[in-house]
Amino acid sequence: MEKLYQLLDGCKWLANVPDSLLSAVAIVVPILLIITVFPGIFAYTTLIERKALGRVQNRYGPNRVGRWGILQPIADGVKLLTKEDIVPRKADKFVHLLAPILAVIPSLLLFAVLPVGPGLVPVDLHIGILFVFAISTASVLALFMGGWASRNKFSLLGAMRAVAQVVSYEVPMVLAAVAVVMAAGTLSTVGIVAKQSGGFLSVTNWFVFQPWGFVGFVLFTIGAMAESARTPFDIPEAESEIIAGYHTEYSGFKFALFQLGEYLAAIAMAGITVTMFLGGYNGPGVGLKYIGPLIGVGWFFAKLMTIILVIIWIRGTWPRIRVDQLMAFAWKVLLPMSILNIVAVGLWHYMESKLWAWLVTAAWLLIWAIVLTKIGTAQNVERRTYRYAT
Amino acid sequence: MSITLGQYLILSGILFAVGLCGALTRRNAIIVLMGIEIMFNAGILNLVVFWHYQHFATLTPQMFAIFAIAVAAAESAIGLALVIAIYRHYKSVDVDEMRALKG
Amino acid sequence: MNAAFWILSAMSLIGALLAISLRNLVHCVLSLILFFLGIAGHYFLLRADFLGAVQILIYIGAVAVLILFAIMLTRNVTGTEGPRELFGLGWWTGLGTALIVAAVVWVTVDSAPQAATRSPGQAVSSVEQIGKSLLNQWVVPLEVLGVLLTAALIGAVVIALEEVVRRR
C-alpha cells in the first residue's frame, strides 16, 4: 500500500490532485483487489475441490455447467442467493444474523498482512503474525453463535465440539509460529519473508528445509486444517455425524457466507503457511530487475494453490478422526512437539557450526517425535464385555 | 486540539463506574463477573494512558498492563469455574440465593 | 485523531452500558465484546500496538468464549434472567455508588492542573523492546505469571470437574 502511495505521488505532476485523494486511492485499491481476487480463488477452489474429490472417488466432478464445469461456482452462487432464508421461529434473530457475518470478517482481515510479492503487501504491520492469531481466535465466536442462535440441540453440540477443537489446535499452531518468529527475529510478515530470501535460486533459505522448520511446517499445517474444520478434523460439520453441525439451520445466503468464511480462512491460513515456511514469494527469478515482482506474485500463488491442493487431496483420502482422539492428539502429541520445536530453534540459533546444528536438532526432533507418537497413540481399550449375550 | 490526559482519565473513570454499577446491581453471577472484567479493563486503560502521556521513555506501565491482563484472564477463568460448580449445587446462578454463609 | 477517540469511546461506553443492562445473557456478552473491541481500538490509538493485539487475542478470543461456555453450561430453563426488580433498593444503591465514584474521579481530574494541558509524549513501544525487558528486567514476574497461569488452569479444571459416579 505504501508502494502504491509512492507510485501515485510520483504521478502527481499529471494533474493537481490533493493528498487526501491519493491516500484514499492508495487505501481503496488494495481493498478492492483483496475483495475480488481472494473470493474468486474461493469460488474456483470449491470447483477444484469437487472435481478433485470426484476423481479420487473414481467419478467425474461437476461437468455440465460450462465446458469442464467452469461456470459451476456461478451457478452455485445464483442458487444460494435465490433460496428462501429460513430462520427458526424461536431462534435469536439478531445473533442468527450476526453469526455468518462474524464468520467472514476475520477471514477477510487475514489477507491484509499477506505479502504476495516484493513490496506488495496491503499493510505492513510490525505485529503481523500476532495480528493473524488475534483475528483467527476471534473467528471462534462465529462458530459458537451460529450453534447457539439456532435453538437446535444438534447445532449446539456441533458448536461446542467445534469450539473445543479450534481452541485446542490453536495452541500448537501458535507455538509453531513462535519458532518461526524466533528464527526470523521479527513479527512482521514482510520481515519473515525477507529472512528467507537469498540462497541458491532463492530456494535454499526457506525455513521448511531446516529440521525445525519442517517440523513446524507439519505442525502448522495440521493446526490450520483443524482450525478450518477440514477433514480429517471435520467433526463440526460432518454430514454423517451431526447433520451439519453449527450451520444446520442456515439456508441461502447465510449458508453461503458460512462457506465463504470457512474456505477463506483455509486459504488465508495456507497463505500464512506459505509466508512463514515456504519462503513467501521467493523462488527462482524473483531477484530480477523489472519482472521480479511479477515472478514473485506467480510463485506465491503457485505455492498457495499447491498447499490448497494438498489439503483437498488429504480430504479425499484420509478418514475422519474421532472427537476424543482429536483432543488427545492435540494436547498429548502436538503441544509437547511444538514446545520441543522451540527448544530446537534455540539450539539451531546458538550452535556455531552448521553441521553440528543440523545433526543435533534433527536428532532431538526425531527422538522426541518417536517418543511422543508412542505415548500419545497408546490405546488402552478394555476388553469388550457383553451384557446380554451368553 | 488533541485529546488531553484529563479526557482519557474521565473516560476510564466512567467505564469503571459502569462496571461497578453492573457488579453491584445485577443478580446473575455471570453478569457480576462481566462487570468485574469491565472494571479491570478500565483500570488497565488508565495505565496505558499514563504511559502514553509521559515524557520519559520507560516500558514499565506497559509491562504492568500485560501482567494485569494475564492475571485478569486467570481470575475470570477461576471465577467462571466457580460459577459452574455452584450452579451444579444450587441449580441457579442467582447471587441472592447463595446465602448459606449468611448470618 | 479526535474523531477516532470519540467513536471508540462511544463504542466502549455503549458496549459497557449494554453489557450490564440487557436481559438476554448472550446479548450481554456480545456487547461486552463490543466493549473489548473499543478498548483495543483505544490501545491502538495510544500507540501500544502489542497491547491492543494481546487485548483482542486474550479478551475476545478467550475470555468472551469462556463466558459464553459458562452461560451455556449454567442455563436457566428459560435462558434469560428472571424478572429483575427495577427501581428496587439494590438497584438504587448500585447506581448511587457508581455515580459517586464517577463524580469523585471527574472532580479529581478536573482539579489537577496538569491533566488539562498534558500533551502526548514520544513513547513508542516495539515488540522487541517488550520482549527484551520481559526477559531481562521482568523475568521474575514472568516466571511467577507462568506458575500462576498453570495453577489457574489446574484449579479451574478441578473446580469444574464433574464427579464421576462409579456404577459397577
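The values are calculated or read from the model by the stated rules, or taken from the named source; none is laboratory data. As the structure is a prediction and not an experimental result, all values here were calculated from the model. A quick note on method: Cβ atoms are made from the backbone with ideal geometry, for glycine too, and the neighbour counts reach across all protein chains shown.
Summary table below
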| quantity | calculated |
| --- | --- |
| Filter result for A:I74 (part of a helix (DSSP H, G or I), exposed (fewer than 13 other Cβ atoms within 10 Å of the Cβ), among the aliphatic types (A, V, I, L, M) and out of contact with any Ser or Thr (no Cβ under 9 Å at 6 or more places or on another chain)) | no |
| Of residues in the range C:58-77 being under 17 Å from B:A74 (Cβ atoms) and not hydrophobic (A, V, I, L, M, F, W, C), the one nearest to the other protein chains (Cβ to nearest Cβ) | C:G61 |
| Unmet criterion (only one of (1) out of contact with any Gly (no Cβ under 6 Å at 6 or more places or on another chain); (2) surrounded by 14 or more Cβ atoms within 10 Å (Cβ to Cβ)) for A:L304 | (1) |
| Among (1) farther than 22 Å from A:W364 by Cβ; (2) more than 14 Å from every other protein chain (Cβ to nearest Cβ); (3) of a type outside the set (D, E, K, R); (4) surrounded by fewer than 20 Cβ atoms within 10 Å (Cβ to Cβ), the one test that A:N152 misses | (2) |
| Residue under evaluation A:P106, criteria (1) within 13 Å of chain C (Cβ to nearest Cβ); (2) over 19 Å from A:A256 (Cβ atoms), criterion not met | (2) |
| Of all residues in the range A:238-267 being crowded, with 23+ Cβ neighbours inside 10 Å and modelled with pLDDT under 80, the one that is nearest to A:W148 (Cα to Cα) | A:Y246 |
| All positions within the range C:43-57 that are more than 9 Å from chain A (Cβ to nearest Cβ), assigned to a helix (DSSP H, G or I) and buried (at least 20 other Cβ atoms within 10 Å of the Cβ) | C:Y43, C:L51 |
| Any chance A:A177 is over 21 Å from the mean Cα position of the chain (by Cα), under 26 Å from A:V121 (Cα atoms) and either at pLDDT 85 or above or aromatic (F, W, Y) (or both) | no |
| Output for the range C:16-32, where each listed residue is crowded, with 24+ Cβ neighbours inside 10 Å and more than 9 Å from chain B (Cβ to nearest Cβ) | none |
| Flag for C:L86 being modelled with pLDDT under 85 and within 30 Å of B:A74 (Cβ to Cβ) | no |
| Any hit, the range A:268-278, residues being buried (at least 18 other Cβ atoms within 10 Å of the Cβ), at positive phi and not in a helix (DSSP H, G or I) | no |
| Test for C:A40: is it within 14 Å of chain A (Cβ to nearest Cβ), modelled with pLDDT of 90 or more and surrounded by 14 or more Cβ atoms within 10 Å (Cβ to Cβ) | yes |
| Residue pairs meeting the criteria (Cβ under 6 Å; at least 6 apart or on separate chains; first free of Cβ contacts under 8 Å to residues at least 40 places away in the same chain, in the range A:286-297; second not in a helix (DSSP H, G or I)) | A:I295/A:G285; A:I295/A:V286 |
| Residue match in the range A:56-68 (condition: under 24 Å from A:T231 (Cβ atoms) and in contact (Cβ under 8 Å) with a residue 60 or more places away in the chain) | yes |
| Qualifying positions in the range A:324-344 - farther than 30 Å from A:V360 by Cα and either of a type in the set (S, T, N, Q) or surrounded by 15 or more Cβ atoms within 10 Å (Cβ to Cβ) (or both) | A:Q325, A:L326, A:M327 |
| Filtered residues of the range A:155-179 (kept if facing chain C (nearest Cβ under 10 Å) and of a type in the set (A, V, I, L, M)) | A:L156, A:A159, A:M160, A:V163, A:A164, A:V166, A:V167, A:V174 |
| Restricting the range A:180-198 to residues that are part of a loop (DSSP other than H, G, I, E, B) and away from chain C (no Cβ under 12 Å), the residue that is nearest to the chain's Cα centre (by Cα) | A:Q196 |
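For every residue, the table says whether it meets (1) under 18 Å from the mean Cα position of the chain (by Cα); (2) not β-branched (V, I, T).
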| residue | (1), (2) |
| --- | --- |
| A:K79 | no, yes |
| A:K83 | no, yes |
| A:I101 | no, no |
| A:L114 | yes, yes |
| A:F131 | yes, yes |
| A:A138 | yes, yes |
| A:F144 | no, yes |
| A:S150 | no, yes |
| A:L157 | no, yes |
